[in-house]
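Note sheet for the following structure.
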Amino acid sequence: MRTTIISNSLAALVLLAGIGAAVADEVVLSPDQETTIRTYVKKEPLASVKLPGVELNVGSKLSEKVELHQVPNVKYRYTVIDNRTVVVDPDTHTIVKVLD
């Protein structure tokens, strides 16, 4: 009985550690960054590109061939795919936010 309790407790800790690591990898834009990006995108609109088969979800990776555009004073870049503005980490080409 005691072994079962210890095993279950250990399994729960491992599960929680994994969840914590996944949350730590998630990028969260500050409200100021998001406002800056939204304002800039309205002032500097881009033509939308089509990328068949690409899911526009947070965490999805874009091809290195996709041209990313800089927003002044913000680390992240943006592009417009299928008429949706996506904010991308330029180091990993991972989508960090989809703006509607």
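We did not get these values from a lab; they are worked out from the coordinates using the rules stated. On a predicted model such as this, the values are computed, not experimentally measured, just so you know. Cβ placement follows ideal geometry from the backbone for every residue including glycine, while neighbour counts extend to all protein chains displayed.
Miscellaneous remarks
- A simple rule links phi to the HN-Hα coupling: the Karplus curve 6.51 cos²θ - 1.76 cosθ + 1.60 with θ = phi - 60°, which for the stretch 31-44 gives x, 5, 5, 5, 5, 4, 5, 4, 5, 5, 4, 5, 6, 10 Hz, with x for Gly and Pro.
- Among Leu46, Val74, Gly59 - extreme Cα towards positive end, dipole of the stretch 24-95, charges at beta-carbon: Leu46
- Cross-link partners of Lys43 among aspartates and glutamates (Cα-Cα below 20 Å; sequence separation of 8 or more within a chain): Asp32, Glu34, Glu67, Asp82, Asp100
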